[in-house]
1. Of all residues in the stretch 135-150, count the ones that are over 13 Å from Met173 (Cβ atoms) and either open to solvent by 50 Å² or more (accessible area, probe 1.4 Å) or in contact with a helix residue (DSSP H, G or I) (Cβ under 9 Å, 6 or more places away or on another chain) (or both).
2. Of Lys94, Lys83, Lys68, which residue is modelled with pLDDT of 80 or more, outside any helix (DSSP H, G or I) and open to solvent by 70 Å² or more (accessible area, probe 1.4 Å)?
3. Take the residues of the stretch 30-61 that are closer than 29 Å to Arg98 by Cα and at pLDDT below 90: which is most open to solvent (accessible area, probe 1.4 Å)?
4. Pairs please, first residue from the stretch 167-196 and more than 18 Å from Leu232 (Cβ to Cβ), second anywhere and among the acidic types (Asp, Glu), Cβ atoms under 6 Å, 6+ apart in sequence or on different chains.
5. Specify the residue that is modelled with the lowest pLDDT; the eligible residues are those in the stretch 97-109 that are open to solvent by less than 20 Å² (accessible area, probe 1.4 Å) and either out of contact with any His (no Cβ under 8 Å at 6 or more places or on another chain) or part of a helix (DSSP H, G or I) (or both).
6. Identify, please: which residue in the stretch 112-134 is in a loop (DSSP other than H, G, I, E, B) and open to solvent by 50 Å² or more (accessible area, probe 1.4 Å) and is, among those, farthest from Trp149 (Cα to Cα)?
7. Taking the stretch 143-167 as the region of interest, how many residues are within 30 Å of Ala85 (Cβ to Cβ) and not in a helix (DSSP H, G or I)?
8. Answer yes or no as to whether Gln130 is of a type outside the set (Asp, Glu) and under 14 Å from the mean Cα position of the chain (by Cα).
Amino acid sequence: ALTFVYEEMRLFQAALPAANISDAVLPEISRQLHLSALLPWFDAIWLIGVAALSFRMLAGLWQVHGLKKQAQPAPDSVQYRFKAALRRFGLTGKVQIRLHPAITGPFVVGAFRSVVYLPLSAVTSLSPEQLDAVLSHELEHIRRADYVWNLIQSLIETLFFYHPAVWWIGAKMREQRELCCDDAAIRSCDDPITYATALLSLEEQRRGVPSLSMTHNGQGKSELLARISRILGEKPDSRLKARPGA
């Protein structure tokens, strides 16, 4: 908008004969030309912001790339359930599952060759039914190509980091993305409580996961409570209002 106003005033000044420029027009033109001197500073601030967020994005990609160094093959029982889930979702591409000792939350990485990472504790702490629900959530991310869309979204947020609406829309998109995958996980199990307890169990063990990965439960406590309430068919607002202030 500032650029448009500046160009309009500049063209107006060029088209107007110098003798006909009134005293009322000159101050406005001077003010607009003064604003044009600030545009390089705005550009510099934008470039600094883009560079900082680009570095963060590249660092996240590098962190994701380094995960395979400590990854371990999943046991046969998990591989069997994983292949059954792949057939159920109709995923015929190269999708692998790996265990990782340095994480405590499952997530998906990769666009063309996706990898589902599970923490070692998930194999022992989750029941087979809970593990199936968790795998369904992650495979729904792959089926929807959420990893690719998340990269595109991160790129847009990097370029338009100065606009609050971009971050608000991005947060809503990530929230809805998780809810869509929750629905797929619920459909894969007989009882929604199975998936809700799996979410709670993973949250109790969760530490940091790569920012560019598609996390299973990488949100805050309030978001997790809202997701569990939704899974159980309850209204999160009424539950939150009924809780004590502490």
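1. Residues in the stretch 135-150 being over 13 Å from Met173 (Cβ atoms) and either open to solvent by 50 Å² or more (accessible area, probe 1.4 Å) or in contact with a helix residue (DSSP H, G or I) (Cβ under 9 Å, 6 or more places away or on another chain) (or both): 11 in total.
2. Working: Lys83 fails: outside any helix (DSSP H, G or I); Lys68 fails: outside any helix (DSSP H, G or I).
Being modelled with pLDDT of 80 or more, outside any helix (DSSP H, G or I) and open to solvent by 70 Å² or more (accessible area, probe 1.4 Å) holds for just one of Lys94, Lys83, Lys68, which is Lys94.
3. Leu61
4. Gly170/Glu157; Arg177/Asp146
5. So the first thing to find is which residues in the stretch 97-109 are open to solvent by less than 20 Å² (accessible area, probe 1.4 Å), and the list is 97, 99-100, 103-109.
Next, from what is left, pick out any that are either out of contact with any His (no Cβ under 8 Å at 6 or more places or on another chain) or part of a helix (DSSP H, G or I) (or both): 97, 99-100, 103-104, 109.
Numbers: Ile97: 90, Leu99: 90, His100: 87, Ile103: 83, Thr104: 76, Val109: 89.
My answer is Thr104.
6. The qualifying residue farthest from Trp149 (Cα to Cα) is Arg113.
7. Taking the stretch 143-167 as the starting set, the residues that turn out to be within 30 Å of Ala85 (Cβ to Cβ) are 143-154.
Remaining after also requiring not in a helix (DSSP H, G or I): 144-145.
Within the stretch 143-167, residues that are within 30 Å of Ala85 (Cβ to Cβ) and not in a helix (DSSP H, G or I) number 2.
8. So Gln130 fails the test.
The values are calculated or read from the model by the stated rules, or taken from the named source; none is laboratory data. Bear in mind that the values here come from a model prediction, so they are computed numbers and not experimental data. Cβ coordinates were reconstructed from backbone atoms using ideal geometry, including for glycine residues, and neighbour counts include every protein chain displayed. Just so you know, the surface numbers come from the protein's heavy atoms only, side chains and all, with ligands and any DNA or RNA stripped out. Shrake-Rupley method; radii C 1.70, N 1.55, O 1.52, S 1.80 Å.
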